[in-house]
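Read through the structure below, which is laid out as structure tokens, and then see the notes.
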Amino acid sequence: MKSTITSSALIFLSLLVMFLLVLTPAVEGVTCNDVHGVEEGETCTSIFQGFNLQERHFLGINPNINCNFIFVGQWVCVDGEI
């Protein structure tokens, strides 16, 4: 019985994730050529300055980024076109 509930929960969660991925709109007009994994102590400012990017361009090629909540291991675009 327990494994049936666990299997059902996993199936439900998998379907939910797939549903959310389908509903997530693609950002048209943004192309990313290179990414960087955020490291401990980094901020949006330290990243865009470290890659010699203007803040506006960095935010443009990372349209869904929330600089108040970046986390270690998050992938951010550091070379792209808008």
Self-check item: When residues of region 18-41 are limited to those that are farther than 13 Å from Gly73 by Cβ and of a type in the set (Val, Ile, Thr), the one modelled with the lowest pLDDT
Solution: Val22
Quiz item: Restricting region 58-69 to residues that are surrounded by 15 or more Cβ atoms within 10 Å (Cβ to Cβ) and more than 9 Å from the chain's Cα centre (by Cα), which is farthest from Asn33 (Cα to Cα)?
Solution: Cys67
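The values are calculated or read from the model by the stated rules, or taken from the named source; none is laboratory data. Bear in mind the structure is a predicted one, so any value in this text is a computation, not a measurement. Because the Cβ atoms are built from the backbone with ideal geometry, glycine has one as well, and the counts that use them run over all protein chains shown.
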